[in-house]
Amino acid sequence: MTSDTASHKHSTPVYAEAPSPVPCQQRIMLAQDASHAEVARFVEAMQALQQPVTLVGLTGRAPHAVQQEIVSDRASLGQRLTVLLDDAPLCTRLHVSGDEAFLWHCHALAQAAGLADEQIELIRLGQRRHLYCVHCSCLQEIAEEGEATCQDCGVRLLVREHFSRRLGAYMGVCLDACDPRGEGRP
Amino acid sequence: MPVTLKPVETYRDDFTFRNSAEAIARFPFPFPEDSYMYSVNIEPATAGAPGSVFEHWFDIDEHYRSEMAERARVLERDPDRCLVMPHMQQAGWDAVEMLMTHLATDYPEWFELERDGERWLWRNHALDLCQRFTFGDPASLPCEPLEYITRQVQGDFAMLDQRDGNLWMDAGMITCPADWSIKFDAGMSFTQWHSPVPMAHQLGVFDRALKYLMNIQVDQPVRRLNWTLTVNPRLDTSSETFHEWGGERAQVSAENVAQRVHLRVELQFMPRLPRSNALLFGIRTYLISLEELASNPAWACRLHRVLRDLPEAIADYKGMTLYRQTVVDWLRQFDPQARAA
Amino acid sequence: MTAALEVQVAGICQLTPVVREFTLVPVDGILPSFSCGSHVQVHIEAGGRTLRNAYSLLGDPADRDHYRIAVRLQEASRGGSRFMHEQLSVGDRLRLSPPANLFAPHSRARHHVLIAGGIGITPFLSYIAELQAKGASFELHYAYRAGLTDAYLASLRQRLGERLHGYDSLQGQRLDMGRLLARQKLGTHAYVCGPQSLLDCVREQAAMLGWPQSSLHWEAFAAPEPGAAFSVTLTSNGRQIDVPADSSLLETLEAHDVELPNLCRGGVCGQCATGYSSGEVEHRDSYLAPAERATTLMPCVSRGRCGSALTLNL
């Protein structure tokens, strides 16, 4: 789940480990890689709930007898999602699997289409994530590292455990203000 | 007594900002006791003594022109410091009405408002502005309504949408924050944007504060004081510019500490915006150098004790670890007990 | 505590045999603006004590000259609605708490479904003014008994046309809640105001369908119901206070100058939550989680069991 709970006091998100077995009128799953074993596991669990499932993948194919389609790139995935959600019943659940940057890109599209946060389940796969440079607003991809150099303004950044769902990114802030670009202290 | 406005001073580069004796006398010293810990120090914002910073809802003081010039400079370089999400339009007009009405009533020598139905005329004599506009029609103002009015009022302003049992920072004019970023935090819930603050979550401070804030009624605003230290009288200590000012923390020495280090106090003021049901979160910042502050030895003595005994995690979060000892060493002269020891 | 507004009754209109509308104007100065869905507490001096009943503001929020409220005469009235119906006259003065909103429309909604039962229509009158002014998409479902609890029906019909769906219980017209909720599209928010049975019905159907909780909003029209007398002891000073059968614990505390923060006075907003250390409590609120009830109660609606003595952490 991605919603805040009373015990969860941080901006950093918590991701789904299995589809919530709640009633709904339909489920849609967006997969960055539909052939991933986790996607298969989720789809199976959803089918067991006897609710209609539509799978849309960016790459790969799920080895399941599920209604599925492959789109060519992120832009057409977004368009496809918009079409699927336009006129969709209120009790629609969306599942998204992929790296963190992909998850929050889809989350923003879904919210814009009217889905509530509690209707969206995110399944994080892989280590890639986005870093936002607070000094120049540049977004870049990183893995698990705690420090990085901004590829745009060159400031060496500390990756803070402060996450923006709107930007889908962690906050990067100057690591050493006495020597922002690591060129030696003045 | 009408407030006297100083000519423009600077909050950057040559830092010509200074407090007059009158400004020092009315400085909102934030410590009611000799130690500090997070608490839900929110109270009803009842009118304070004449001349005090609590007298009016929105305090205008001698630094008005300087602060508005500084805001204009920040926005020129970084226009995104003012942000209004589409569903916050009505809240923006609420803020226009609240700020203009209060300023015109409380400072008639500087601000005038004439209303004829939806046709309004606003005059700001301090900045020599005159604007006719149609209330509710954004095309009748030169910029976003929230931006238009907050370019003319001291302090930062966030507007919080109340929904789903939380408060969401969906709009704001933030050009003088104490080490945070509206561009990063926009769209976050109250719980999310406070996540970097140490210790307070464990104390349950934010849960109680959130409940309190969500139940603020129309015309029943609340306030609280918050504080930190800032090197140089710099208003824009935003995360966005941290790489430009953070290094000044390493420049504090025994020789310059009294002039360079400033106590930074935020008077946070939270009224309900009546038509939109959003909450206005005003953050009015006051700066005072240690030298100015020590003109009141009781304050200097108390600040000595607070800073000496401040828990490490809070000192770290407030960014004063590098120079805290230098400050404490200088303040010790004002603490009779410490001197005797 | 919060300052009260002084108002004067400027007009009274009998809308149905059991519903009266009051127009209130300020004694001096101006009234605060309000957002749609807001309510005020009316301080009613009846039978030698002060009741504070919450009523929705039903005027257009854009109209700043007066407030309007509508009051249904309750059969099991503890004196509040009876006073409003039988004693309050034009020219009389009243004290109000400032507007508060526990039932605001959701800022992200694309379509609003308003569901009213009887006097539960009142908060939606301000909704409709605001939603129409904004050009927002909405529909109103109004269940009533013709000639008794159908206040404002004719004017709503004229104003809303096909957006109004009326259900007259006398004619056996029923609102099929399951169907209504099932046909809603993404981005819809539903708002319910009316008797407990209506709220329960909506909540049950919504849960069965899997409606997101954040898309369902309700306002209970819960005045505290009388019970048996009991007594409380305050931990701080050992004071013992007797709570009569027809007063709520909150009202009794206020009568003894113990002020607690409160907004809804109906067991919903959570403001007056108070800890207790001993005694048997009859919980009547819809705010506290079951686990919290072992140590906390809501004095606006909940009571000690008959003859029980409670120790309050006050």
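For segment C:206-314, list the strands (runs of 3 or more DSSP E) that sit wholly inside it and hold at least 2 residues that are farther than 27 Å from C:Ser107 by Cβ; which are they? If you could, list the steps in order and put the result at the bottom.
Values: elements: C:216-220, C:230-234, C:240-243, C:274-278, C:309-312.
Result: C:230-234, C:240-243, C:274-278, C:309-312.
Looking at B:Thr285, B:Thr326, can you tell me which residue is touching a Cys at 6+ places or on another chain (Cβ under 8 Å) and hydroxyl-bearing (Ser, Thr, Tyr)?
B:Thr285 is the lone residue from the list that is touching a Cys at 6+ places or on another chain (Cβ under 8 Å) and hydroxyl-bearing (Ser, Thr, Tyr).
So how many residues does segment B:17-39 have that are surrounded by 17 or more Cβ atoms within 10 Å (Cβ to Cβ) and closer than 21 Å to B:Gly204 by Cβ?
Number of matching residues: 2.
Could you check, for segment C:180-196, whether at least one of its residues is away from chain A (no Cβ under 14 Å), surrounded by fewer than 20 Cβ atoms within 10 Å (Cβ to Cβ) and not in a strand (DSSP E or B)?
yes
Looking only at segment C:1-55, count how many residues are within 18 Å of the chain's Cα centre (by Cα), under 18 Å from C:Gly80 (Cα atoms) and either within 14 Å of another protein chain (Cβ to nearest Cβ) or not in a strand (DSSP E or B) (or both).
Qualifying residue count, segment C:1-55: 6.
Just the residues that are among the hydrophobic types (A, V, I, L, M, F, W, C), assigned to a helix (DSSP H, G or I) and more than 19 Å from the chain's Cα centre (by Cα), please, taken from segment A:15-66.
A:Ala45, A:Met46, A:Ala48
Has segment A:151-163 got any residue that is away from every other protein chain (no Cβ under 11 Å), in contact (Cβ under 8 Å) with a residue 24 or more places away in the chain and either under 21 Å from A:Ala31 (Cβ atoms) or assigned to a strand (DSSP E or B) (or both)?
If we filter segment A:151-163 for residues that are away from every other protein chain (no Cβ under 11 Å), which is where we start, we get A:151-152, A:159.
Still in the running and in contact (Cβ under 8 Å) with a residue 24 or more places away in the chain: A:159.
Filter once more, so that each one left must be either under 21 Å from A:Ala31 (Cβ atoms) or assigned to a strand (DSSP E or B) (or both): A:159.
Looking for residues that are away from every other protein chain (no Cβ under 11 Å), in contact (Cβ under 8 Å) with a residue 24 or more places away in the chain and either under 21 Å from A:Ala31 (Cβ atoms) or assigned to a strand (DSSP E or B) (or both), one finds at least one in segment A:151-163, hence yes.
Looking at C:Ser126, C:Ser89 in this structure, which one is within 30 Å of C:Asn262 (Cβ to Cβ), in a loop (DSSP other than H, G, I, E, B) and modelled with pLDDT of 95 or more?
Only one candidate qualifies: C:Ser89.
Can you find a residue that is within 14 Å of another protein chain (Cβ to nearest Cβ), out of contact with any Pro (no Cβ under 9 Å at 6 or more places or on another chain) and crowded, with 22+ Cβ neighbours inside 10 Å anywhere in segment C:148-161? If you could, list the steps in order and put the result at the bottom.
Here is the first cut: in segment C:148-161, the ones within 14 Å of another protein chain (Cβ to nearest Cβ) are none.
No - not one qualifying residue is present in segment C:148-161.
Pick out the one residue from B:Ala126, B:Ala139 that is assigned to a loop (DSSP other than H, G, I, E, B), away from chain C (no Cβ under 14 Å), more than 17 Å from B:Asp236 (Cα to Cα) and of a type outside the set (Val, Ile, Thr).
B:Ala126
In the set C:Ser155, C:Ser137, which member is among the polar types (S, T, N, Q) and more than 29 Å from A:Thr92 (Cα to Cα)?
Just a single option satisfies the conditions, and that option is C:Ser155.
Please enumerate the residues belonging to segment A:61-79 that are of a type in the set (Ser, Thr, Tyr) and modelled with pLDDT under 80.
Matches in segment A:61-79: none.
Assigned to a strand (DSSP E or B), more than 14 Å from every other protein chain (Cβ to nearest Cβ) and surrounded by fewer than 22 Cβ atoms within 10 Å (Cβ to Cβ): does that describe B:Glu114?
In short, yes.
Scan (1) in contact with a strand residue (DSSP E or B) (Cβ under 6 Å, 6 or more places away or on another chain); (2) touching a residue at least 12 places away in the same chain (Cβ under 8 Å) for the single condition B:Ser140 breaks and write down its number.
Exception for B:Ser140: condition (2).
With respect to the numbered conditions (1) modelled with pLDDT of 95 or more; (2) over 20 Å from C:Arg203 (Cα atoms), which one is the sole condition not fulfilled by C:Pro105?
So C:Pro105 meets the others, but not (2).
Here are C:Pro299, C:Pro261, C:Pro290: which of them is surrounded by fewer than 20 Cβ atoms within 10 Å (Cβ to Cβ) and within 21 Å of C:Asn53 (Cβ to Cβ)?
Every option except C:Pro261 fails the conditions.
Where the second residue is of a type in the set (Phe, Trp, Tyr) and the first is under 20 Å from A:Ser35 (Cβ atoms) and lies in segment A:83-103, which pairs have Cβ atoms under 7 Å and are six or more apart or on separate chains?
Partner pairs satisfying both residue conditions: A:His95/A:Phe42; A:Ser97/A:Phe42.
Given (1) closer than 23 Å to B:Met88 by Cβ; (2) out of contact with any Asp or Glu (no Cβ under 6 Å at 6 or more places or on another chain), identify the lone condition not met by C:Leu140.
Going through the list (1) closer than 23 Å to B:Met88 by Cβ; (2) out of contact with any Asp or Glu (no Cβ under 6 Å at 6 or more places or on another chain), C:Leu140 breaks only (1).
Based on what the data block shows, is C:Thr296 within 19 Å of B:Tyr212 (Cβ to Cβ), free of Cβ contacts under 8 Å to residues at least 24 places away in the same chain and in contact with a strand residue (DSSP E or B) (Cβ under 6 Å, 6 or more places away or on another chain)?
Spelling it out, C:Thr296 is indeed within 19 Å of B:Tyr212 (Cβ to Cβ), free of Cβ contacts under 8 Å to residues at least 24 places away in the same chain and in contact with a strand residue (DSSP E or B) (Cβ under 6 Å, 6 or more places away or on another chain).
Filter segment C:94-112 down to the residues that are assigned to a strand (DSSP E or B) and facing chain B (nearest Cβ under 8 Å) and list them by number.
C:Ala100
Can you tell me which of B:Leu267, B:Leu322 is touching a residue at least 40 places away in the same chain (Cβ under 8 Å) and either aromatic (Phe, Trp, Tyr) or closer than 30 Å to B:Glu55 by Cβ (or both)?
The unique qualifying residue is B:Leu267.
Restricting to segment A:168-186, give me the number of residues that are within 7 Å of another protein chain (Cβ to nearest Cβ), under 22 Å from the mean Cα position of the chain (by Cα) and in a loop (DSSP other than H, G, I, E, B).
Residues in segment A:168-186 being within 7 Å of another protein chain (Cβ to nearest Cβ), under 22 Å from the mean Cα position of the chain (by Cα) and in a loop (DSSP other than H, G, I, E, B): 0 in total.
Considering only segment B:31-78, state which residues are in contact with a helix residue (DSSP H, G or I) (Cβ under 8 Å, 6 or more places away or on another chain), more than 15 Å from B:Leu103 (Cα to Cα) and either assigned to a strand (DSSP E or B) or within 14 Å of chain C (Cβ to nearest Cβ) (or both).
Hits for segment B:31-78 are B:Val40, B:Ile42.
Of all residues in segment B:21-44 being at pLDDT 90 or above and aliphatic (A, V, I, L, M), which is farthest from the chain's Cα centre (by Cα)?
B:Ala21
Name the residues in segment A:49-89 that are in contact with an Asp or Glu (Cβ under 6 Å, 6 or more places away or on another chain) and surrounded by fewer than 16 Cβ atoms within 10 Å (Cβ to Cβ), would you?
Within segment A:49-89, A:Thr59, A:Gly60 qualify.
Suppose we filter C:Gly270, C:Gly275, C:Gly238, C:Gly227 for residues that are without any contact (Cβ under 8 Å) to a residue 40 or more places away in the chain and surrounded by 15 or more Cβ atoms within 10 Å (Cβ to Cβ); which single one remains?
The unique qualifying residue is C:Gly270.
Mind checking which residues of segment C:63-90 are out of contact with any helix residue (DSSP H, G or I) (no Cβ under 7 Å at 6 or more places or on another chain) and closer than 21 Å to C:Glu130 by Cα?
Hits for segment C:63-90 are C:Asp63, C:Arg64, C:Asp65, C:His66, C:Tyr67, C:Arg68, C:Ile69.
Just the residues that are of a type in the set (Val, Ile, Thr) and more than 14 Å from chain A (Cβ to nearest Cβ), please, taken from segment B:246-261.
B:Val257, B:Val261
Just the residues that are touching a strand residue (DSSP E or B) at 6+ places or on another chain (Cβ under 7 Å) and more than 21 Å from B:Trp299 (Cα to Cα), please, taken from segment B:18-57.
B:Ile42, B:Glu43, B:Pro44, B:Ala45, B:Trp57
The values are calculated or read from the model by the stated rules, or taken from the named source; none is laboratory data. Because the structure is a prediction, the values reported are computed rather than measured. When we count neighbours, we look across all protein chains shown, and the Cβ atoms used for this are built from the backbone with ideal geometry, even at glycine.
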